[in-house]
Amino acid sequence: MKKNAKTISLIYGCVVAVLVVALGITLIGVALHIYLSDPKGDPYSRATIAAHLWDIFPLICVTAVAILGGFFLPSERKKPKAHRGAHANVRQLPAKRLLVIRGVVLIIAVVFIAVGIFNGSARDVLTKAVKICTECIGLG
Amino acid sequence: MENNVTKEKKSLRQWWACHKPTKRRIIQLYTALLTNANLKGFGSGQIYKGNVKYGCVPGLNCYSCPSTVGSCPLGALQNALNATNTKLPYYIFGILLLYGFLFGRWICGFLCPFGLIQDLLYKVKTPKVKKNRLTYTASYFKYVLLAIFVVFIPLYYMGKMPMPGFCKFICPSGTLLGAGGLLSNIKNADMLAMLGPLFTWKFILLVVFVVGAVFIYRFFCRFFCPLGAIYGLFNKISLLGMDFNKSKCVDCGLCIDACLMDVKHIGDHECISCGRCVNVCPTSAITYKGPKILLAPNEGGTVPLSKRVNMDPCDAPGTPLPKKTKIARFVVGITMLAVLAGALYYFNFVHKDPEPPKSQTIITDDGQTVVVGGEIGNQCPDYDMPLYFSDGTIKASDTRGKITVVNFWYVYCGSCIHELQTEFPKLHDAYGDDIEIIVVHSNYEFEIDIPQWINDNFPTDAGFIHCRDVEGDMFFKSVGGTDAWPVTVILDENGTIQYRVNEKTTFDAMSEVIDKLLAD
């Protein structure tokens, strides 16, 4: 019985994996198709995107249902495989040295922030952040 | 019958026990909501533009996402390095040092919204790729990306052109939260015209990262995230993270097996403090660093080793907490809820960005009804902007009778600079004095000397009239500009808008309109 449940879980997982990969490949294919169909014009129009989304809508639904269904399967417990000796050569910082390093880092951080506020680099952060960075989000 | 009901209740309780959100998940959700408290941005299709953006959020959270209320530290770092010729980026260095000192990669495990997305994706029930030698080696790839895309590329283009290499070519947070957030709003339909090869590339990368995260735990964080690479350097000294007591350790290695990241030992530069190791440690040698108010050390500590090694973390029973800790937890919980409620209220109901001017219908001296606004066919609103290279201002009336090309740009906008360097000089060569080209820089206070920058980077013989927008970039907004630069408008001899584009434009597109206007 337990073995059966494990097999069902594995088969189900494989089906979900295939669906997820298929959806990923389809999405990439759609993006390439939209762009390559009219690279010099406005390839991504609302109508084009909607048409393609409608085409792959059944695949999206099936994948979503399969993903959600997976959460109701029993969870597997694996047998741990010990990595013995992983901590044999770990050297820890002595407490005093750690305290000194932390103190120095904190002081440098606070001084840098204070200097940054006065030299205008804080203002630059705000300036960039309040405008949409079209390049950052892949628009242009 | 009764037995069945009890059984069902019991199985439901078991299901909930194993699926209820952990404390880490609650903190992740809390932080994601707190740093994205401007939810109204999704409705308005605009980003938050207030002073809270002076500060950086700790995780990878694109500042062009409509809901984000802080700056992305990685984006800010690249822009700061890109402008190192004007000033040293002390502020962002200080912020990164402070976050590193306080949290290290605890941020990746608890505070990063993109980490949360990947954690949830990994929950999809599929066979998973386990860590192995290849993933250990690949985990160093993020340091290569850090060196090339975050440091080298911005420094190479320093003073020439804004070039946030990682944001531009790789960052999936920008594509998902920034582009996805903005494009999902119908009010930003204009932006679709900006999409091209760069978007296709970034979309493909996003799909790869998302699908990868289903099969490989924290696919992006482990192999590609430069921010995690930076924070990882602080893991040993950070105030929060994992603590490991070597004297208690029996070196059984169960912790390394339970860990899904490519750690070599607990608390090293790959550790994101997820806490999986805490539950499997047979000797309670691993604990969370820092105050135990939210995360008590080894809450499964009373379970015998023989049972614990095969146990899901969700099954581990909690050890009874001292009363003081319980009270402290309650107070902290209430305070956190109050902060979240306050933030949601402030950003969604109190804070208001200046409204863009609305179009108006006026009756001219000769009795004609004219609509003044930013749409094509509208009369262009009047303007009076200070000039950069001479005293005085330029007014709408100064260019009446001539075709006028107005371009809006600002010094950190790569697309703006590129089109002004390559496309606009061709206009002057082709049309000479038949047209006027007004180049309007944003009114925002920049620490850069704009006239000097213009002299250094733009052709001086391109016939540009350089000026600065009025307070609050109101002229830009009055012709339909929102948050994204560049914008170009072409006015006919009467000052009527004949062409408007909210993206990088080309000589061909503009000359088609100008030729038609000249022929008329």
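Structure values in brief
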item: Every pair of residues 6+ apart whose Cβ atoms lie under 6 Å, when the first sits in the range B:491-504 and is closer than 17 Å to A:Gly41 by Cβ while the second is open to solvent by 70 Å² or more (accessible area, probe 1.4 Å) and not aliphatic (A, V, I, L, M); result: B:Asn502/B:Asp190
item: Condition met for B:Tyr431 (open to solvent by 20 Å² or more (accessible area, probe 1.4 Å) and not in a helix (DSSP H, G or I)); result: no
item: Residues of the range B:218-254 satisfying the condition of being facing chain A (nearest Cβ under 10 Å), open to solvent by less than 20 Å² (accessible area, probe 1.4 Å) and part of a strand (DSSP E or B); result: B:Phe244
item: Qualifying residue in the range B:410-428 (condition: among the acidic types (Asp, Glu) and away from chain A (no Cβ under 14 Å)); result: no
item: Among (1) within 9 Å of chain A (Cβ to nearest Cβ); (2) among the hydroxyl-bearing types (Ser, Thr, Tyr); (3) open to solvent by 10 Å² or more (accessible area, probe 1.4 Å), the one test that B:Thr200 misses; result: (3)
item: Residues located in the range B:497-520, provided they are touching a strand residue (DSSP E or B) at 6+ places or on another chain (Cβ under 6 Å) and open to solvent by 10 Å² or more (accessible area, probe 1.4 Å); result: B:Gln498, B:Tyr499, B:Arg500, B:Val501, B:Asn502, B:Val513, B:Leu517
item: The range A:87-106, residues that are open to solvent by 60 Å² or more (accessible area, probe 1.4 Å) and part of a loop (DSSP other than H, G, I, E, B); result: A:Asn89, A:Arg91, A:Gln92, A:Leu93, A:Pro94
item: Residue that is farthest from B:Leu205 (Cα to Cα) [pool: residues in the range A:15-29 that are surrounded by fewer than 19 Cβ atoms within 10 Å (Cβ to Cβ) and more than 7 Å from chain B (Cβ to nearest Cβ)]; result: A:Val15
item: Complete set of residues in the range B:445-457 that are surrounded by 18 or more Cβ atoms within 10 Å (Cβ to Cβ) and in contact with a strand residue (DSSP E or B) (Cβ under 8 Å, 6 or more places away or on another chain); result: B:Ile454
item: Condition met for B:Gly75 (open to solvent by less than 10 Å² (accessible area, probe 1.4 Å), away from chain A (no Cβ under 14 Å), closer than 29 Å to B:Met161 by Cβ and modelled with pLDDT of 90 or more); result: no
item: Hits in the range B:29-55 - residues which are over 16 Å from B:Cys112 (Cβ atoms), of a type in the set (S, T, N, Q) and part of a helix (DSSP H, G or I); result: B:Ser44, B:Asn51
item: Answer from A:Tyr44, A:Tyr12 - the residue that is facing another protein chain (nearest Cβ under 8 Å) and not in a helix (DSSP H, G or I); result: A:Tyr44
item: Restricting the range B:442-482 to residues that are charged (D, E, K, R) and assigned to a loop (DSSP other than H, G, I, E, B), the residue that is nearest to B:Tyr383 (Cα to Cα); result: B:Asp469
item: Enumeration of residues in the range B:96-112 that are aromatic (Phe, Trp, Tyr) and more than 11 Å from chain A (Cβ to nearest Cβ); result: B:Phe103, B:Trp106, B:Phe110
item: Matching entry among B:Val411, B:Val439 (being in a loop (DSSP other than H, G, I, E, B) and surrounded by 15 or more Cβ atoms within 10 Å (Cβ to Cβ)); result: B:Val411
item: Those residues of the range A:114-129 which are surrounded by fewer than 20 Cβ atoms within 10 Å (Cβ to Cβ) and either touching a residue at least 12 places away in the same chain (Cβ under 8 Å) or facing chain B (nearest Cβ under 7 Å) (or both), in sequence order; result: A:Val115, A:Ile117, A:Asn119, A:Gly120, A:Arg123
item: Residue check, B:Asn407 touching a residue at least 40 places away in the same chain (Cβ under 8 Å), within 28 Å of B:Asp508 (Cβ to Cβ) and in contact with a Phe, Trp or Tyr (Cβ under 8 Å, 6 or more places away or on another chain); result: yes
item: Of residues in the range B:260-280 being more than 12 Å from chain A (Cβ to nearest Cβ) and at positive phi, the one surrounded by the fewest Cβ atoms within 10 Å (Cβ to Cβ); result: B:Gly275
item: Residues within the range B:113-166 that are open to solvent by 50 Å² or more (accessible area, probe 1.4 Å), within 11 Å of chain A (Cβ to nearest Cβ) and among the aliphatic types (A, V, I, L, M), tallied; result: 2
item: Lone qualifier among B:Glu270, B:Glu299 - being under 30 Å from B:Gly104 (Cα atoms), among the charged types (D, E, K, R) and at pLDDT 85 or above; result: B:Glu270
item: From the options B:Leu420, B:Leu337, residue that is touching a strand residue (DSSP E or B) at 6+ places or on another chain (Cβ under 9 Å) and in a helix (DSSP H, G or I); result: B:Leu420
item: Some residue of the range B:190-197 being away from chain A (no Cβ under 12 Å) and out of contact with any helix residue (DSSP H, G or I) (no Cβ under 7 Å at 6 or more places or on another chain); result: no
item: Criterion (open to solvent by less than 10 Å² (accessible area, probe 1.4 Å), more than 14 Å from the chain's Cα centre (by Cα) and at pLDDT below 90) met by exactly one of B:Gly45, B:Gly109; result: B:Gly45
item: B:Phe93 being under 16 Å from B:Phe234 (Cα atoms), more than 7 Å from every other protein chain (Cβ to nearest Cβ), open to solvent by 10 Å² or more (accessible area, probe 1.4 Å) and in contact with a helix residue (DSSP H, G or I) (Cβ under 8 Å, 6 or more places away or on another chain); result: no
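For (1) surrounded by fewer than 19 Cβ atoms within 10 Å (Cβ to Cβ); (2) in a helix (DSSP H, G or I); (3) at pLDDT below 85; (4) out of contact with any Leu (no Cβ under 8 Å at 6 or more places or on another chain), each residue gets a yes or a no:
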site	(1), (2), (3), (4)
A:Lys40	yes, no, yes, yes
A:Ala51	yes, yes, no, yes
A:Lys79	yes, no, yes, yes
A:Ile108	yes, yes, no, no
A:Val111	yes, yes, no, yes
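The values are calculated or read from the model by the stated rules, or taken from the named source; none is laboratory data. Because the structure is predicted, anything quoted here is derived from the model rather than measured. Here Cβ is always computed from backbone atoms with ideal geometry, including for glycine, and neighbour counts include all displayed protein chains. Just the protein is used for accessible areas: all its heavy atoms, side chains included, with ligands, DNA and RNA removed. Shrake-Rupley method; radii C 1.70, N 1.55, O 1.52, S 1.80 Å.
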